[in-house]
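The values are calculated or read from the model by the stated rules, or taken from the named source; none is laboratory data. Since the model is a prediction, treat every value here as computed from it, not as a measurement. Because the Cβ atoms are built from the backbone with ideal geometry, glycine has one as well, and the counts that use them run over all protein chains shown. For the accessible areas, the whole protein counts, side chains as well, though only heavy atoms, and no ligand, DNA or RNA atoms are used. Shrake-Rupley method; radii C 1.70, N 1.55, O 1.52, S 1.80 Å.
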Amino acid sequence: MNSSSSLRTYFSGRSKMDFDLNLAIEEITAICKASDGRSRIFEYGSSGYKDGVRHFLESSSDVALVAVCPGTTNDVSKIMKVLANHKVPFGVKGGGHTTNPKFSSTTGIQLYMSFFDKVEYDSSKKTLAVGSGCLWDQVYREILAKGRYVIGGSATEGVGVAGWLLGGGYSLYSNEYGLGIDNIVEFEVVIPNGDIIRTGSSGPHSDLFRALKGGGNNFGIVTEFVIKTYEIEAPNCELMDFSNSKSEEVKAAITDFINDEETQKAVLIAAFRHYNETVNDQSWITVFCVKNLPQSAKDPFQKFYHIERKPERGQNRRNMRRVPGLRIKVVAEEEHAGGSMALMADTSSERAFKGRAFLEADRAFASIHGPPPEVDEEEEHVGNLVAGTAALMIARKAVRQEVPPKGMSGVGEIARGRFGCIMISKYKRALIDAIEEQSKASAKDMKKHGGKRVIFDVWPAHSKIFDNSTDCAYPHKKGSPFGPMLVYFVWEGATNDQYWTDEMERALDKLRQIALSVGCTDEKLPLYSNTSLSTTQVSKIYQENYEGLKQIRLKYDPQDVMKRAGGFKI
């Protein structure tokens, strides 16, 4: 019995929706068969199906009827017409990093854009064309080899280009270059009637261009982004762990950094981290610092170097490793008063070194929300760059030849969880104190409810973060800085879902009220869709742009086709 006859047997006697899904699957199967292998449809139980439906977290994966990997824009157009005609539920997945259930997953027809993996640099325009199925890791390796880089999302967590960009895109380098959406030059998008449109800031579809910048998947299926690139820099990063007993000193240093901000080339992210993933419960404070400054410049993180750190990061170690074309030196604590270690190099390939430095900063950033770090006992590893910085990586000469020391941590289901956030214009000490206390309160019953990780971030936005803002669906204007205060919970067992989502909502609401009371936020700050809970009101994401976006959506999707896909619906 072939797949279509099996489906007919399965759907006999069922609802009209089931019947419509049956017809849609048959028609999409025919489209794929006619594509000479460029587009594929995968049934339940196949490896292609598994790749198509799985997400970063188990809790945001779903059991779709089939997984479809379109291979050409024309096939996306044909498939879109089928979905519109039969009015069936579907999901569109790039990297699958959303933690909200049914945002890019579905119990209907799952579209998986992995075949749209183009990464093509235009040296004359200094732009990069990126397919909507790409992950940032792939993009970075391609563009760094050209001596350029882009404003993108995390590489080591399997973050997809499409969802990150369509949601806005806060980056390690946003203080200087704006959000991801401010760096988009052009889209290729298939709108719900099947038309294929290339749109930029001018022309007949400039309204659609603006709406796609932060507007999520409300207007069609994007197949390609064209984004700006920048000359590569070599960021220096520090990843420092501090025991809770040092929290007063750490919070004072964080507050001083925020109040004394001078350069947009320095970024600080602090995290109050609680784990129930090892024999003993663990909790500590991590401070991650990135700077793109000359060695002669004042170090904005100097105050942290005078605070005693947890021993696991390998301070007090000295190591000189020599490999062809590259010298790495770890400077021990007597050369940096508080034990800070600096990464310095001279290399026959400056481009390769800068590319490595960029990737190391990204990996260190991603490690903040990862599992508890293992103590590195090998002297040959560089101690302060723990997120994948094995000597194997140091020894490689070319960025594209690097081999990660372990597998990516975001390509298969890991437990259950959610991101959540509130928006902060400027952190004050009273709010930082409240974040620390709330992190402890949320973590206290982890064992009872299957909790694995409870992490609360402090990520200050520079006052000039939006100086280069562009006209977008997501409202952000020069002179009005804000960024997400992120919360991340991971747990095991579907029976614990309600407890942890309720706890996250309680925690965020409490912190929001405190932030309002001390002047760190206001009710008009737009929420960040990429890390907001699914219960968030859509109008609070788009604020003053919401009504105008509704009119653009009606223009391009009058039949509400995209409302049958997940996400925050305008």
Look at Pro481 and say whether it is open to solvent by less than 60 Å² (accessible area, probe 1.4 Å), under 23 Å from Leu166 (Cβ atoms) and touching a His at 6+ places or on another chain (Cβ under 8 Å). yes
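For (1) at pLDDT 95 or above; (2) farther than 21 Å from Val561 by Cα, each residue gets a yes or a no:
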| position | (1), (2) |
| --- | --- |
| Phe42 | yes, yes |
| Ser47 | no, yes |
| His55 | no, yes |
| Glu58 | no, yes |
| Leu65 | yes, no |
| Val68 | yes, no |
| Val76 | yes, no |
| Val82 | yes, no |
| Val92 | yes, no |
List the helices (runs of 4 or more DSSP H) inside segment 5-106, counting only whole elements, that have at least 1 residues being open to solvent by 50 Å² or more (accessible area, probe 1.4 Å) and under 29 Å from Tyr528 (Cα atoms). 47-53
Flag for Ser206 being out of contact with any Lys or Arg (no Cβ under 8 Å at 6 or more places or on another chain) and among the small types (Gly, Ala, Ser): yes
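Any residue at all in segment 223-233 that is among the acidic types (Asp, Glu), closer than 20 Å to Val130 by Cβ and either touching a residue at least 60 places away in the same chain (Cβ under 8 Å) or open to solvent by 20 Å² or more (accessible area, probe 1.4 Å) (or both)?
Looking only at segment 223-233, we keep the residues that are among the acidic types (Asp, Glu), and these are 224, 231, 233.
Those left that are additionally closer than 20 Å to Val130 by Cβ: 224, 231.
So of that shortlist, the ones also either touching a residue at least 60 places away in the same chain (Cβ under 8 Å) or open to solvent by 20 Å² or more (accessible area, probe 1.4 Å) (or both) come out as 224, 231.
Yes, that holds for at least one residue.
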Any residue at all in segment 532-550 that's among the hydrophobic types (A, V, I, L, M, F, W, C) and open to solvent by 50 Å² or more (accessible area, probe 1.4 Å)? no
When segment 348-378 is checked residue by residue, the ones that are surrounded by 15 or more Cβ atoms within 10 Å (Cβ to Cβ), among the aliphatic types (A, V, I, L, M) and modelled with pLDDT under 80 are Ala352
Could you tell me whether any residue of segment 497-519 is farther than 25 Å from Ile151 by Cβ, assigned to a loop (DSSP other than H, G, I, E, B), open to solvent by 30 Å² or more (accessible area, probe 1.4 Å) and touching a residue at least 40 places away in the same chain (Cβ under 8 Å)? yes
Residue in segment 107-132 that is nearest to Thr229 (Cα to Cα), counting only those that are open to solvent by 40 Å² or more (accessible area, probe 1.4 Å) and assigned to a loop (DSSP other than H, G, I, E, B): Lys126
